[in-house]
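Visitor: Please find one structure pasted underneath; my questions will follow.
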Amino acid sequence: MSDKIKILAIESSCDETAAAVVEDGRCVKSNIISSQIELHKLYGGVVPEIASRKHVEKVNFVVREALKEAGETLDSIDAIAVTYGPGLVGALLVGVAEAKALAFAKKKPLVGVHHIEGHICANYIEHPDLEPPFLCLVVSGGHTHLVDVKDYGKYEIIGCTRDDAAGEAFDKVARAIGLGYPGGPKIEALAKEGDKNAISFPRAKVNDSKMDFSFSGLKSSVLNYLNKCEMKGEEVNRADVAASFQEAVVDVLSSHGVEAAKELGYKKLAIAGGVASNGAFRAKMIERCKEAGIEFYHPSPIFCTDNAAMIGVCGYYDYINGVRSGLDLNAVPGLKIGTRQG
């Protein structure tokens, strides 16, 4: 019998239905993702009710495939981890119900996992040398957080956005220049054809907290620029707009991240979340961390966007720390980082 701890993980917080098997917190034996992007493109964004229905259709399939690819069975799994917040409540409920049913049927321990903590833990998959404490900059469609990772399972938010998340700003600007959904990858692709210095968009600073972010002013500046061009009858170079906007975002993110790490005295800085897959962002972080003498860590793109492998990693560390959830575990769409239920 193997001494290795194997976690079956389930993720369904938004529009990806995913399952994975993770061994000892660092080895991903399988990572199955069923994406709904093509479906939601029709509506210009995620439709919660449609997302929930698709999760119901796909959740058993991804669990079966994850176990099959890993060469495991439900009997050989040590525990079941599942995202229970934050996210879309209907979507979360599908994954939570699946995990509770499996845990009950097979008498396996259940571990409720925080989605954002999962994103942070994605960094452990490909970086065996990375251990807490370190600073992590979490950047996604719904979150922009500076998180002090004090230990496995111990987190403190030291900075966050006061308004729009960075990923949300990407989506809104993409829509404004006619790129559609999903905005982040489309902005990044178009930006490669433009001049990042063509338009001087603002870099917002929050006066009463240098650790916090604000992107609503930048978004408004882009919209104002587009409106002025329309009123004057001037042609808009969409590639220049995309490149200049993207540069403004990654400039603020990278400078805040590095300055926060230096202030805390950390020599390790990681990024996580969907926007962490952006090539310009990663390049700017590499450049600034090198200048500051800080070790930089980032997951591969497949582990930046929503996936179950990261939930399995986080679930493993929660499991060995004694975290257990009851069968009354419920979805918590507004779950705060560093808190837990069950």
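Since every read-out is calculated from the coordinates, none of them should be taken as a lab result. Everything quoted here is computed from the prediction, not taken from an experiment. Reconstructed Cβ throughout: ideal geometry from the backbone, glycine too, with neighbour counts over all protein chains shown.
Visitor: Working from Cα positions, state the angle (0 to 90°, nearest 10) between the long axis of helix 89-106 and the longest principal axis of the chain.
Guide: 20
Visitor: In degrees from 0 to 90, rounded to the nearest 10, what is the angle of the helix 48-70 Cα long axis to the longest principal axis of the chain?
Guide: 60
Visitor: Candidates (1) 22.9, 98; (2) 20.3, 74; (3) 23.8, 85; which is the computed Rg and Dmax of the Cα atoms in Å?
Guide: Checking each listed value against the structure points to (2).
Visitor: A further question follows. Please label the shape of the stretch 184-233 as rounded, prolate or oblate, based on the square roots a ≥ b ≥ c of the eigenvalues of the alpha-carbon gyration tensor (a/c under 1.5 means rounded; beyond that, a/b larger than b/c means prolate, else oblate).
Guide: oblate
Visitor: Also, quick follow-up: For the stretch 128-303, just list the percent of Cα-Cα distances falling in each 5 Å bin from zero outward, please.
Guide: Values per bin, smallest distances first: 1, 9, 18, 22, 20, 14, 9, 5, 2, 1, 0, 0.
Visitor: Also: Considering only DSSP states other than H, G, I, E and B, which trypsin sites (Lys or Arg not before Pro) in the stretch 80-149 qualify as loop sites with at most 14 other Cβ atoms within 10 Å?
Guide: The qualifying sites are K107.
Visitor: Using the structure shown, select from K108/K268; K172/K232; K210/K290 the pairs with a Cα to Cα distance greater than 28 angstrom.
Guide: Flagged as over cut-off: K108/K268.
Visitor: Let me ask something else. For the stretch 5-115, what class follows from the C-alpha gyration tensor (a ≥ b ≥ c being the square roots of its eigenvalues): rounded when a/c is under 1.5, otherwise prolate if a/b is larger than b/c, else oblate?
Guide: Prolate shape, in that a/c is at least 1.5 and a/b is the bigger ratio.
Visitor: Based on the mean of other Cβ atoms within 10 Å per residue, sort peptides 153-165, 76-88 so the most packed one is first.
Guide: 76-88, 153-165
Visitor: Arrange the peptides 301-312, 216-227, 56-67, 241-252 so that the one whose residues have, on average, the most other Cβ atoms within 10 Å appears first.
Guide: For the peptides 301-312, 216-227, 56-67, 241-252, the packing ranking is 301-312, 241-252, 56-67, 216-227.
Visitor: Report, in degrees rounded to the nearest 10, the 0 to 90 angle that the Cα long axis of helix 216-232 makes with the longest principal axis of the chain.
Guide: 40
Visitor: In addition: Can you list residues whose amide H is under 5 Å from D164's amide H, if they're 5+ apart or on another chain and H is modeled 1.01 Å from N?
Guide: F215, S216
Visitor: If you don't mind, there's one more thing I want to ask. Tell me the mean residue ellipticity at 222 nm calculated for the chain from its helices only (DSSP H runs of n ≥ 4, each -39500 (n - 2.57), averaged over every residue, nearest 500).
Guide: -14000 deg cm²/dmol
Visitor: Using only the Cα atoms of the stretch 292-337, what do you get for the radius of gyration and for Dmax, in Å?
Guide: In order Rg, Dmax, the Cα atoms of the stretch 292-337 give 14.7, 47 Å.
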